[in-house]
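I have placed the structure first, in the form of structure tokens, so that the comments after it can refer back to it.
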């Protein structure tokens, strides 16, 4: 299938990044969200990020203007029904994703490919609630989307070859690299990354080190660009906890038990950068460890 138009559901951190790279690659993009303000903010952010790429000589001003012209926003979910490919990038909660697909299905063309940017939820289970499990798969971008080179393509048990090939062609056109993953909890990247972050929180919880010493140790001792607690704040502690719960529930192994301290931070509403407090306090000029 020759994909020319892409629908993006959700104008948040992931959705606006997906719209950005799709439009820049030449696809016509329709982005939707229940909140018009969120879409206005997303368009402003895409414009700033594209301007930054122009400033760095990555793209031309003409390419930037053409990309912005390819993005259309709407609060009406049914308008995405005419797209060749739909990428759902809503909140990482299965009930929300299922409700979105249920509302969208009556408006889709028979050949439309339906995908989810979920970082951990079962693709097979999401697909089974639709009318096209063979045309459904996981399309998992890394954050921040315009910068990160990897896209995980996750096949559900029913996903057919044509759907995988069409999505792989899109990733190639974006200039990114596709990693083929099987449909098991958290796929590849988060299956490895989240337990590392969770273990860093346990290391903090047990008093083995403080926030600064843990992050410094991994940056200088393992050559990681960001410490695990700094990275958790960047991802969002609520997202980290949700993925650990998916791993723990889906694999029934105690090694995936979320650290009680991670749960406590989420209960406090200290979710990281997006709430100005997590393992670091971001309300001043310089981030300050909270533990």
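Kindly provide the set of residues from segment 222-267 that are at positive phi and touching a strand residue (DSSP E or B) at 6+ places or on another chain (Cβ under 8 Å), ordered by number.
Answer for segment 222-267, where residues must be at positive phi and touching a strand residue (DSSP E or B) at 6+ places or on another chain (Cβ under 8 Å): just 236.
Going by the structure shown, is residue 95 assigned by TED's automatic domain parsing to the domain that holds residue 143 and either surrounded by fewer than 16 Cβ atoms within 10 Å (Cβ to Cβ) or assigned to a helix (DSSP H, G or I) (or both)?
yes
If the requirement is being on the phi < 0 side of the Ramachandran plot, touching a strand residue (DSSP E or B) at 6+ places or on another chain (Cβ under 6 Å) and either surrounded by fewer than 19 Cβ atoms within 10 Å (Cβ to Cβ) or touching a residue at least 24 places away in the same chain (Cβ under 8 Å) (or both), which of these qualifies: 54, 86, 75?
After applying the criteria, what remains is 86.
Of (1) in contact with a helix residue (DSSP H, G or I) (Cβ under 9 Å, 6 or more places away or on another chain); (2) part of a loop (DSSP other than H, G, I, E, B), residue 223 satisfies all except one. Which?
(1)
Residue-by-condition table, conditions (1) surrounded by fewer than 17 Cβ atoms within 10 Å (Cβ to Cβ); (2) not assigned by TED's automatic domain parsing to the domain that holds residue 143:
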site: 171; (1), (2): no, no
site: 176; (1), (2): no, no
site: 188; (1), (2): yes, yes
site: 200; (1), (2): no, yes
site: 205; (1), (2): yes, yes
site: 216; (1), (2): yes, yes
site: 224; (1), (2): yes, yes
site: 231; (1), (2): no, yes
site: 235; (1), (2): no, yes
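In the set 247, 261, which member is more than 26 Å from residue 183 (Cβ to Cβ), in contact (Cβ under 8 Å) with a residue 60 or more places away in the chain and assigned to a helix (DSSP H, G or I)?
Just a single option satisfies the conditions, and that option is 261.
Which of the residues belonging to segment 220-235 are modelled with pLDDT of 95 or more and within 24 Å of the chain's Cα centre (by Cα)?
224, 225, 226, 227, 228, 229, 230, 231, 232, 233
Identify all residues within segment 99-144 that are part of a loop (DSSP other than H, G, I, E, B), closer than 21 Å to residue 19 by Cα and in contact with a strand residue (DSSP E or B) (Cβ under 8 Å, 6 or more places away or on another chain); write none if there are none.
Scanning segment 99-144 gives 108, 112, 117, 118, 119, 142.
Collect the residues in segment 26-51 that are surrounded by fewer than 17 Cβ atoms within 10 Å (Cβ to Cβ) and assigned to a strand (DSSP E or B), keeping them in residue-number order.
Result: 28, single match.
Only one of these conditions is not met by residue 167: (1) surrounded by fewer than 23 Cβ atoms within 10 Å (Cβ to Cβ); (2) touching a strand residue (DSSP E or B) at 6+ places or on another chain (Cβ under 8 Å); (3) in contact (Cβ under 8 Å) with a residue 40 or more places away in the chain. Which number is it?
Of (1) surrounded by fewer than 23 Cβ atoms within 10 Å (Cβ to Cβ); (2) touching a strand residue (DSSP E or B) at 6+ places or on another chain (Cβ under 8 Å); (3) in contact (Cβ under 8 Å) with a residue 40 or more places away in the chain, only one is false for residue 167: (1).
The values are calculated or read from the model by the stated rules, or taken from the named source; none is laboratory data. The model shown is predicted, which means the values in this text are computed figures rather than measured ones. Methodologically, a virtual Cβ is constructed for each residue, glycine included, from the backbone with ideal geometry; neighbour enumeration extends over all protein chains shown.
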